[in-house]
1. Quickly work out the Phe166-to-Met77 label distance, labels modelled 7 Å from Cα along the C-beta direction, and quote it in nm with one decimal.
2. So, with +1 on the Cβ of K and R and -1 on the Cβ of D and E, and no other charges, what is the size of the charge dipole of the chain about its Cα centre, to the nearest 20 debye?
3. Please give every one of the aspartates and glutamates within straight-line cross-link reach of Lys282, meaning a C-alpha to C-alpha distance under 17 Å, and leave out same-chain neighbours fewer than 8 residues apart.
4. How big is the gap, in Å, between the Cα center of segment 83-103 and the Cα center of segment 209-245?
5. Just want the ordering: Thr303, Thr325, from fewest to most Cβ atoms lying within 10 Å of their own Cβ.
6. So what are the ³J(HN,Hα) numbers for segment 368-379, from phi and the Karplus equation (6.51, -1.76, 1.60; θ = phi - 60°), rounded to whole Hz, Gly and Pro as x?
7. From the backbone phi of segment 302-319, what are the Karplus-calculated ³J(HN,Hα) couplings (6.51 cos²θ - 1.76 cosθ + 1.60, θ = phi - 60°) in whole Hz, Gly and Pro given as x?
8. In nm, what is the difference between 0.36 nm times the number of residues separating Leu247 and Leu391 and their Cα-Cα distance?
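FYI, it's all coordinate maths here, none of it is from the lab. Please read all numbers here as calculations on a predicted model, not as lab measurements. Methodologically, a virtual Cβ is constructed for each residue, glycine included, from the backbone with ideal geometry; neighbour enumeration extends over all protein chains shown.
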Amino acid sequence: MPVYLQRAASVLRHPLVFAFYLPSLLFSISMGLIKPILPLYALDFTSSYGIIGIILAGDALGTVLGDIPAGILLRRMRDKQVMVIGLGIVVFSMIMLYWADTVLLVILLLFLFGVGRALFNVSTHMYLAAGVQFGNRGKAIASYGGIGRIGNAIGPVIGGSVATAFNLRAPFLVFAFLGLAAITLVILRLRSQDIDLKGQDQHHFSLRSTVKSNSRTFAVAGAGQLFAQMIRAGRNVIIPLYAADVLGLDAQTIGILISISWGLDMLLFYPAGWIMDNLGRKYAIVPSFVIQTVAMVMVAFSTDFASLLIASGLMGLGNGISSGTMMTLGSDLAPPDSRGDFLGVWRLIGDVGATGAPLVVGWVAGLVVLPAAAGALSGAGILAALIFAFLVPEPLKKNPRKRI
């Protein structure tokens, strides 16, 4: 058997491939399916950018309010159980979105979807943080982020094609089908981490004590993550809206545009992990958000498909350099004895930034014009770069890499 086939077979035999990474890939493809669709779906209900921003913020708001309960839940339940609950909520909300007929119902269902997404995200983050040693953490989490990027590269093409062939609601049903497949794999194949839940409860950790003992970390590094996630999430809102409303592109073309951007993003997840583990976390983080800031400014000056493709492609390359950085940094900073609570708050801060992105786009575009919203998001990107460059210490210096 050729060497490359032997290596492929060895990878496929790894117990986490079908139990953890494949369900994560299916979930990521599903998320990619609706990236080009949701802004256009919202446009079907209203032409007001402000209301569109509120609709699209429903998902992120649900994620924000689900983060801390997810962290608390992980003190009482196994990570596998929380993953399944989260995926179940997501599948239910997608099925109901297919039938939704009012703005209020759409917002409520996207809110519910966000809660389910929070449960899944925090539990998978906890699974990796508890199971991967520090010296390999950058590569492991960057690889997990790379799986997300693979899904985001594949999903939009499928979502745009399904929407063009059928209607804008059809991708929701495809999402539900893939979500059910992910649930089945997690239930049948995944084994929970060996964590003593009773032992954790005996320490009587509280959310208040976690926040108090890590207040400076949350204030400084958290602020950097808030702005980082704002420009990242803003990309998913501004590009489809700009492509549809300013350039007049259809759903299939927008799906191709987004897939190319995420395809370029996907190429850099392994280099991002190597940079984090060998040079330092900040060597991946700071250049990433500088590049994304430049790309966001370029979006505002795009005049056709080609120029928007260049801007979104550069944004993908910039984001790819930071693959897994926020998860890795959160895992580095999390105290081992209250990791679940810490990661819940850490993700909450980032998701507040993600929630702000569609609201900023809707508010600025409603007051001025849509290109001005791209300028506002670029401000968030440069703030993230400055905070991480000058105010956040490098974790790799405090925890020298050990060969394992």
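1. 2.9
2. It works out to roughly 1440 debye.
3. Leaving aside aspartates and glutamates fewer than 8 places away in the same chain, those within reach of Lys282 are Asp332, Glu394.
4. 24
5. Fewest-to-most ranking of Thr303, Thr325: Thr303, Thr325.
6. 10, 9, 4, x, 5, 5, 5, x, 5, 5, 5, x
7. Per-residue couplings from phi come out as 6, 10, 7, 4, 5, 5, 5, 5, 4, 5, 5, x, 5, 4, x, 4, x, 5 Hz.
8. In short, 47.9 nm is gained.
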